[in-house]
Amino acid sequence: MSAVAAGIAEAGGGTLLGLGLATPAGGAAAAAGMAGAAAVHTSHGFFGYADGYELNTIYGVAAAGLALIGPGRVSLDHVCGYRLNRPWMAPAALAAAAALTGVVVGARQAQLRASRSASEERG
């Protein structure tokens with residue numbers, strides 16, 4: 001479940017950011033995907049040389065920053081008159097992404113705990 005959610009968030013959010021369309025939603029989705037990816041790497045520590053969550057964090061912060069700053073003049077949002085980029089959309093998109101990320105990461109953590117306890121009972 002978390003791999004599918006991460007793939008959708010990263011591909012969809014990255015596409016929206018690349019096009020400059022619905023930038024708050026795209027940035028929030030990409031940031032949420034990176035938060036999920038960082039959660040997978042927390043056991044390795046922070047730094048990337050040890051397969052940590054450093055790079056995921058940098059990408060997530062950059063995506064959230066793009067969601068907050070908004071697109072530039074060379075974007076589909078600009079061409080569309082910023083109809084999909086209203087001031088209230090960035091906080092709403094980031095809040096929704098944070099809530100969904102919490103659900104997905106929480107479900108993954110519960111699944112890991114269940115598999116660990118099952119393997120401890122067997123072994």
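Quick one: how many residues across the range 23-48 are assigned to a loop (DSSP other than H, G, I, E, B) and open to solvent by 50 Å² or more (accessible area, probe 1.4 Å)?
Residues flagged as assigned to a loop (DSSP other than H, G, I, E, B) and open to solvent by 50 Å² or more (accessible area, probe 1.4 Å) within the range 23-48 amount to 2.
All but one of (1) more than 21 Å from residue 2 (Cα to Cα); (2) touching a residue at least 24 places away in the same chain (Cβ under 8 Å); (3) part of a helix (DSSP H, G or I) hold for residue 96, so report the exception by its number.
Result: residue 96 passes all but (1).
Tell me which residues, restricted to the range 32-82, are farther than 17 Å from residue 96 by Cα, within 14 Å of the chain's Cα centre (by Cα) and among the β-branched types (Val, Ile, Thr).
Scanning the range 32-82 gives 40, 57, 58.
Being under 19 Å from residue 92 (Cα atoms) and either basic (Lys, Arg) or not in a helix (DSSP H, G or I) (or both) is the filter here, so list the residues in the range 1-22 that pass it.
20, 21, 22
Check off (1) in a helix (DSSP H, G or I); (2) over 18 Å from residue 8 (Cα atoms); (3) open to solvent by 50 Å² or more (accessible area, probe 1.4 Å); (4) out of contact with any helix residue (DSSP H, G or I) (no Cβ under 9 Å at 6 or more places or on another chain) for residue 109 and give me the number that stays unchecked.
So the condition that residue 109 fails would be (4).
If residue 95 meets every condition in (1) at pLDDT below 95; (2) farther than 16 Å from residue 11 by Cα apart from one, which number is that one?
(1)
Looking at the range 49-68, can you tell me whether even one residue there is open to solvent by 30 Å² or more (accessible area, probe 1.4 Å), in contact (Cβ under 8 Å) with a residue 40 or more places away in the chain and in a helix (DSSP H, G or I)?
Checked the range 49-68: at least one residue is open to solvent by 30 Å² or more (accessible area, probe 1.4 Å), in contact (Cβ under 8 Å) with a residue 40 or more places away in the chain and in a helix (DSSP H, G or I).
Please go through the range 69-83 and pick out each residue that is among the hydrophobic types (A, V, I, L, M, F, W, C) and open to solvent by less than 80 Å² (accessible area, probe 1.4 Å).
76, 80, listed by residue number.
With respect to residue 20, is the statement that it is open to solvent by less than 50 Å² (accessible area, probe 1.4 Å), more than 14 Å from the chain's Cα centre (by Cα) and closer than 20 Å to residue 108 by Cβ true?
no
The values are calculated or read from the model by the stated rules, or taken from the named source; none is laboratory data. Bear in mind the structure is a predicted one, so any value in this text is a computation, not a measurement. Ideal geometry is used to build each Cβ from the backbone, glycine not excepted, and the neighbour counts take in all protein chains shown. Keep in mind that these areas ignore ligands, DNA and RNA; they rest on the heavy atoms of the full protein, side chains included. Shrake-Rupley method; radii C 1.70, N 1.55, O 1.52, S 1.80 Å.
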